[in-house]
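Chemist: The structure that follows is given in the form of structure tokens.
We did not get these values from a lab; they are worked out from the coordinates using the rules stated. Remember, it's a predicted structure, so these values are computed and weren't measured experimentally. As a convention, Cβ positions derive from the backbone with ideal geometry for all residues, glycine included, and neighbour counts pool all protein chains shown.
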Amino acid sequence: MSQIVNISQLQNFYASAETPADAADAARVDLRMVFGRSVALAVGECEPDYHPAPQIHASEEITYVARGELWVYVEGTGYLLREGDAIRVPRMKMHWMWNRSGAKCTFYQSNCPPVAGDPAVRQSRSALFDEGEAMPVDYPRVVWLARKYSDEAERRDEAPAEGPLVARAAELKTSVHSGAIGAAASGKLTSKCVHGLEHNMTIATRKGGYHSVPHIHDAEQIHYIVRGDIKIYTPENGFDCREGDFNIVPRNMPHWAHVTSDDENILLQVHTPVLGSAANRKALISPDEHVGPIPTVYNMTPWAAEEIMQVEEKFAGAMRHT
Ligand SMILES: [Fe+2]
């Protein structure tokens, strides 16, 4: 176990002995998932005709289609997601996927809390915990349901639906970040963000040379490096993150980043509770959910930020990597 792992070092989440392979349609999907105390992040790829059984879990889920097309059914309503679209499945809502496109689909998926109740998953490298770190024991599990629910819904053969749980690529506005990330990084970070009641998923682009000052938020953060390399620092660690790495920043841990090359860097990030620092974040919440104020935290500058940054020199020859 480690706070950094590469996607190639993980196993298919659906290949666990505890998962019924036919319900999960495990032969047609490869989902590589990592998790922390409060949120999980996965990169999945599914084959044409992928069609798992309906499932339900005590965990909010967000899915973003990175490449290809995918149908996602929520409580029997089918939504057709194309590249750049996102959907949220609220806690305890029955849902399933169906790849009707004839081509592979790559998708990003987050869960809050992590669906990591399977002991084999907890003991795997998917756990972004360092040696000696306590891990919660009460994660929810995926509950598989009978195919009759999907059969029933699909027999109606309805056109794909639109609705408040879905964000279309064209309506996801870009946020340009400044403020707590510091003058040298200001304007070099842009993001697109969707969120639910409990967590957000963000795709963040950093220009080459981006170097932020320490910020802190009362939210756990997991990121996946979609493109490029990036150095992520905390007072305790320097992580040399490469493409395909997953890495965690624990709640309330000061952290900052440095893109040492001239190349653009793309990070997929999740936070829980919702991080409110992206001005244009889009809520995927339906009106029938009884929503009060959504717990939201913000990027803040920690005490003695410049002093904290000096550890960069200390870690220079001792960066952690996969
Ligand atoms: Fe952060």
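Chemist: Please give me, ordered by residue number, the GluC sites (Glu not before Pro) of the stretch 85-189 that lie in loop per DSSP and have at most 11 other Cβ atoms within 10 Å. Write out the running numbers ahead of the final one.
Modeler: Values: sites: E131, E133, E152, E154, E158, E162, E171; in loops: E131, E133, E158, E162.
The qualifying sites are E131, E158, E162.
Chemist: Taking the chain as a Gaussian network, where each spring joins two C-alpha atoms under 10 Å apart, which residue of S110, S16, S59 fluctuates the most?
Modeler: Ranking S110, S16, S59 by mean-square fluctuation puts S16 first.
Chemist: Which of the residue pairs K188/K282; K93/K148; K207/K282; K192/K314; K148/K192 have a Cα-Cα distance greater than 25 Å in the structure shown? Show your work: numbers first, answer last.
Modeler: Numbers: K188/K282 21 Å; K93/K148 16 Å; K207/K282 23 Å; K192/K314 34 Å; K148/K192 37 Å.
Distance filter (> 25 Å) returns K192/K314; K148/K192.
Chemist: I would also like to ask the following. Quick one: length gained pulling T174 to D138 fully straight, 0.36 nm per residue minus the C-alpha distance? Display every interim value, and only then the final one.
Modeler: Numbers: separation 36, 0.36 × 36 = 12.96 nm, distance 3.63 nm.
Using 0.36 nm per residue and subtracting the Cα-Cα distance, I get 9.3 nm.
Chemist: Now, a different point. If you average 1/r across every pair of different Cα atoms in the chain and take the reciprocal, what Kirkwood value do you get, in Å?
Modeler: Working: mean 1/r = 0.0499 Å⁻¹.
Taking the inverse mean of 1/r over all distinct Cα pairs, the chain comes out at 20.0 Å.
Chemist: Right, something else. For the chain, modelled as a Gaussian network with Cα springs under 10 Å, which listed residue fluctuates most, A279, A170, A120?
Modeler: Of A279, A170, A120, the Gaussian network model singles out A170 as fluctuating most.
Chemist: For the stretch 172-315, what does the equivalent ellipsoid look like in terms of its semi-axes, each the square root of 5 times an eigenvalue of the Cα gyration tensor, given largest first in whole Å? Before the final figure, lay out each step's value.
Modeler: Working: eigenvalues 130, 56, 37 Å².
Taking √(5λ) for each eigenvalue gives 25, 17, 14 Å, largest first.
Chemist: OK, next. Magnitude of the Cβ-charge dipole of the stretch 172-315, K/R +1 and D/E -1, about the Cα centre, nearest 20 debye? It would help to have the intermediate numbers written out before the result.
Modeler: Values: 12 positive and 17 negative charges, 95 e Å.
Around 460 debye, computed over the stretch 172-315.
Chemist: May I pose another question? Treat every Asp and Glu Cβ in the stretch 6-48 as -1 and every Lys and Arg Cβ as +1, leave all other atoms uncharged, and give the resulting dipole magnitude about the Cα centre to the nearest 20 debye. Don't skip to the answer; put the middle values down first.
Modeler: Working: 3 positive and 6 negative charges, 54 e Å.
Dipole magnitude for the stretch 6-48 comes out near 260 debye.
Chemist: What does the net charge come to around C193 if you take all other residues with beta carbon closer than 10 Å to its beta carbon, with K and R at +1 and D and E at -1? Show your work: numbers first, answer last.
Modeler: Values: positive: K173, K192, R281, K282; negative: none.
Once positives and negatives cancel, what remains is +4.
Chemist: Which value in nm describes the separation of the simple spin-label points at E83 and D263, placed 7 Å from the Cα toward the beta carbon?
Modeler: 2.0 nm
Chemist: Taking K and R as +1 and D and E as -1, what net charge do the other residues with C-beta under 14 Å from the C-beta of V29 add up to? Show your work: numbers first, answer last.
Modeler: Numbers: positive: R28, R32, K104; negative: D22, D25, D30, E45, E47, D49.
Residues close to V29 contribute a combined charge of -3.
Chemist: Next up: Once the convex hull of the alpha carbons of the stretch 39-83 is built, what does its volume come to per residue, in cubic angstrom? Each step should come with its number before you reach the end.
Modeler: Details: hull volume 4.2 nm³, N = 45.
Spelled out: Cα convex hull of the stretch 39-83, divided by residues, is 94 Å³.
Chemist: A further question follows. Given the Cα-Cα distance of I285 and Q9 and 0.36 nm per residue of separation, how much length would full extension add, in nm?
Modeler: Working: separation 276, 0.36 × 276 = 99.36 nm, distance 3.46 nm.
Full extension of this stretch gives 95.9 nm more.
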